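Bear in mind these aren't lab numbers, they're just calculated from the coordinates by the rules spelled out. Keep in mind that what you see is a predicted model, and the values were worked out from it rather than measured. Cβ: placed from backbone, ideal geometry, glycine included. Neighbour counts: every protein chain shown.
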Amino acid sequence: MQIKLPKSFFKKGTRIKIEPRAIEPSSAPPPKKTLKDENYRKQTTPALIESLKDSDPYVRSVSIEVLGRIREKKAVSNLIMLLTDYSKLVREKAAVSLGHIGDKSAVPALIKALNDESEEVRVTVAGVLGHIRDRMAVPALIAALGDQSPQARMKSAVSLGIIGDPQAVRPLYNATKDSNEFVRKYAVEALGQIGRLAIPALLMALKDEKVRSHAAQALMKVK
């Protein structure tokens, strides 16, 4: 079959106007499934939890991370068990994921993990406990202000400030005299977060040349 076009189509300067056509909905690609889709999640979550038993610590750690990112509460008990895994990476990832999920039932196990042999795990756990904001962790975080790791002491101070329990005022004031400058700084900031009950401690910190500037800033923020 031949289609004849008018000669005018071939004249120089002639413009051919083509009307755009809307794409039919049926021709659009189907949306990609993600772990946030409830049905897809129901199918994948059991497999992810099962893979927590894999012999490869890398596989376990990746599965842990995914479960934490989707905040899968069904995995909490499994993640708690992994806080005692032989792999330092797995223990640390388990703590982080429990922090993302935020289930307070994990707090007792996280408190125990503050005594982990790995400095990285202790530092991570100290931060996670602040994120969960459970006052049950306050005594353990106060004890962690004496950790041999400056990073762990610093994270503990930060978490105590976030939780804001008044019983941490005196220990935090003592931490303003820590040998590490960052621990001192965050201890003062934590006192500021606790608020008015910490004002006497902050006024005393004003007399200390090492933290007086931090104390002044913290006092300005007290409501």
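Here are the numbers for this structure:
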{"read-out": "Hits in region 144-170 - residues which are surrounded by fewer than 23 Cβ atoms within 10 Å (Cβ to Cβ), touching a Leu at 6+ places or on another chain (Cβ under 7 Å) and among the hydrophobic types (A, V, I, L, M, F, W, C)", "value": "V169"}
{"read-out": "Residues located in region 158-179, provided they are part of a helix (DSSP H, G or I) and in contact with an Asp or Glu (Cβ under 9 Å, 6 or more places away or on another chain)", "value": "V158, G161, I163"}
{"read-out": "Hits in region 180-223 - residues which are within 15 Å of D165 (Cβ to Cβ) and either among the aliphatic types (A, V, I, L, M) or in a helix (DSSP H, G or I) (or both)", "value": "A187, A190, L191, G192, Q193, I194, R196, L197, A198, A201"}
{"read-out": "Residue list for region 62-97, filter: under 13 Å from A109 (Cα atoms) and polar (S, T, N, Q)", "value": "S77, N78, T84"}
{"read-out": "Qualifying positions in region 84-95 - aliphatic (A, V, I, L, M) and either over 16 Å from the mean Cα position of the chain (by Cα) or surrounded by fewer than 19 Cβ atoms within 10 Å (Cβ to Cβ) (or both)", "value": "L89"}
{"read-out": "Residue check for G130: free of Cβ contacts under 8 Å to residues at least 24 places away in the same chain and either closer than 23 Å to V188 by Cβ or under 16 Å from the mean Cα position of the chain (by Cα) (or both)", "value": "no"}
{"read-out": "Selection count, region 39-94, where residues are outside any helix (DSSP H, G or I), within 20 Å of K112 (Cβ to Cβ) and of a type in the set (S, T, N, Q)", "value": "1"}
{"read-out": "Those residues of region 115-143 which are crowded, with 22+ Cβ neighbours inside 10 Å, under 23 Å from K177 (Cβ atoms) and in contact with a Lys or Arg (Cβ under 7 Å, 6 or more places away or on another chain), in sequence order", "value": "V123, A126"}
